[in-house]
1. Just to be sure I understand the model, the point goes 7 Å from the Cα along the line to the Cβ. What's the resulting E144 to D220 distance in nm?
2. How do 143-150, 179-186, 227-234 rank on mean C-beta neighbours within 10 Å, highest first?
3. Report in % the part of the accessible area of segment 260-306 that belongs to carbon and sulfur, leaving out ligands and nucleic acids; probe 1.4 Å.
4. Over segment 259-359, average the accessible area per residue using a 1.4 Å probe and give it in Å², no decimals.
5. If ligands, DNA and RNA are left out, what is the accessible area of D152 with a 1.4 Å probe, given in Å² to the nearest 10?
6. Would you kindly state how much longer the chain becomes between L212 and V172 on full extension, computed as 0.36 nm times their sequence separation minus their alpha carbon distance, in nm to one decimal?
7. Given a Förster distance of 35 Å, report the FRET efficiency between E288 and Q181 from their Cβ-Cβ distance, rounded to the nearest 0.05.
8. Using the Cα centre of segment 281-349 as origin and beta-carbon charges of +1 (Lys, Arg) and -1 (Asp, Glu), tell me which of Y346, P301, I327 is placed farthest towards the positive end of the dipole.
Amino acid sequence: MKKRFNSFTDDSSLEKLNEDLVWKSKQKQKQRLLEAIDQLERSESVKPGNDILPMKKNRLLRNVVYCGIALVILSGAFVSSAFVSPAMAQVVSKIPYLGQIFKKESVGTEIINTLRKKGYKIDSLGQTYYGGKKQIEISVDGSEKYFKRVKDDINKITKGILEARNYDSYKVKITWYDPVQYEYKPDPRQEKYDKINQEIDAELKKRNYHVLDASIAGFDSDARVVLEVLDTEKHIEDIKQVISDVLVNNNEGKTPIKVYKINLKKQEQEGRWGNILDDVGEDLLGKEEYHVKMVGYSVHPEPQVFIYTSLSYSEENKEFANELEGIIDEFLQTDDMKAKIKGDPYKIIIYAKGKKKLN
């Protein structure tokens, strides 16, 4: 069975994971996300400066990605000032007014809503940012004959929306969603795993152990039990033993158990910062003049915003990065944003090519 373009896939780099973090109209699959995350965890190159989200521990990387905040788009904002340096003026001239940002829905939402209102059968839409190449891929439902008839019109409408926003960095790809090609074929192993998951749940409840999740993810050599518990849990080893006993009884005794300790306060912070940045997340990536390849953020140990550019490392570009940081910071200090930030300390980090810090 062929994978759909907006599925999560395994890869050894977080940049490739970014390609698969797409806007879509249907629910994402947790299992595929976990597979992608675990592949990242097996990588030996997770070091500060070498990944989009530098972490001290791989489990923190997993928590960030699992909570849906691995990568978010960040936009700059106009902030009035009594004095603006020439470099600041150049940056400000390229960044839209806050009112313009907040009045707009996301470009993905605008495209898919516009097309559907016009009666086109749109299955889903994906936005990808990989290797600095930005693409919007639209999957069209219906027959192949219908697809061929409407493909050019959909492409024209989509490009018109992008041009109206001055988004010149995106390529547009229109594909046909063939239901036969993507037909779901039940895997007998999944039926077995579902049964084991139910037994694990029943055994844990019988012993009054409360977990956030305890279920098998992956297949064959990649199969493992994902055990999520609060970071205050004192009976992890006992819980693992209960799970292990169930696995042995089902001839799956070699399946490893991966424990993830969840800090609910951090989890709430992750979600909050995702919302903070998501609303203003398009112009830097949408326009070539910004030279932004991708952006990301982490809340470990405290919130950090990462902006990755295609700029070379130079004094001129360092000045530009410092001014841009100042604009973003002033925007985050506006009343509306301060209410969402709730006093969290944060950093804004802008990188040149080669992930060399510019500001």
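The values are calculated or read from the model by the stated rules, or taken from the named source; none is laboratory data. Nothing here was measured: the structure is a model prediction, and the numbers come from that model. Cβ: placed from backbone, ideal geometry, glycine included. Neighbour counts: every protein chain shown. Calculation scope for accessible area: heavy atoms of the full protein, side chains included, ligands and nucleic acids excluded. Shrake-Rupley method; radii C 1.70, N 1.55, O 1.52, S 1.80 Å.
1. So the two model labels end up 3.0 nm from each other.
2. The packing order, highest mean first, is 227-234, 143-150, 179-186.
3. 47 percent
4. 45 Å²
5. That residue has around 110 Å² of solvent-accessible surface.
6. Stretched fully, the L212-V172 segment lengthens by 10.4 nm.
7. Result of the calculation: an efficiency of 0.55.
8. Value: P301.
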